[in-house]
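Here's the structure we're looking at; comments come further down.
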Amino acid sequence: MGQPINTDLYIDLSKPEYAVLKTPGSFIFIKEIIVAFTIHQTFIAASARCTHEGSLLAYYPSDILFCGKHGASFATDGTVLQGPAQVPLKMYKTQLSGSILRVFA
């Protein structure tokens, strides 16, 4: 499954490459983690790959994490909303301090 993911990430939202995370409904990938700024203006972080077959997920502004390969969807707490995935996503904690977003286990 590859190397373990460093789950103590610090994202400087003032840097241009992360500026997209200031827009509600946006997301980025960092390593194997999807980080989204939800429509509720909170940050979430989860494993970037679907638990069904490992395809990359996307964050949809309807407040779900969606796998375009087979249609699985997940709530922003990682629970499965629609299969074929049956295993919840690994979720990470987020903490914003000034312009620094920390993502950690």
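The values are calculated or read from the model by the stated rules, or taken from the named source; none is laboratory data. Because the structure is a prediction, the values reported are computed rather than measured. Positions of Cβ are backbone-derived with ideal geometry, glycine not excepted, and every protein chain shown enters the neighbour counts.
Computed values, structure above
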quantity	calculated
Test: I5 is at pLDDT below 95, among the aliphatic types (A, V, I, L, M) and under 13 Å from V103 (Cβ atoms)	yes
Filtered residues of region 24-40 (kept if part of a loop (DSSP other than H, G, I, E, B) and either within 20 Å of T79 (Cα to Cα) or at pLDDT below 95 (or both))	G25, K31, E32, T38, I39, H40
So Q95, is it without any contact (Cβ under 8 Å) to a residue 60 or more places away in the chain and part of a strand (DSSP E or B)	yes
Unique match (being hydrophobic (A, V, I, L, M, F, W, C) and touching a Pro at 6+ places or on another chain (Cβ under 9 Å)) among I39, I28	I39
Scan of region 40-49 for residues that are free of Cβ contacts under 8 Å to residues at least 24 places away in the same chain and touching an Asp or Glu at 6+ places or on another chain (Cβ under 7 Å), ordered by number	A48, R49
Residue among G78, G71, G54 that alone is assigned to a loop (DSSP other than H, G, I, E, B), on the phi > 0 side of the Ramachandran plot, under 13 Å from the mean Cα position of the chain (by Cα) and not hydrophobic (A, V, I, L, M, F, W, C)	G78
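Conditions (1) loosely packed, with under 13 Cβ neighbours inside 10 Å; (2) free of Cβ contacts under 8 Å to residues at least 24 places away in the same chain; (3) aromatic (F, W, Y); (4) farther than 18 Å from L9 by Cα, marked per residue:
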position	(1), (2), (3), (4)
I33	no, no, no, no
T38	no, no, no, yes
T51	no, no, no, yes
D63	no, no, no, yes
G71	no, yes, no, yes
F74	no, no, yes, yes
T79	yes, yes, no, yes
M91	no, no, no, no
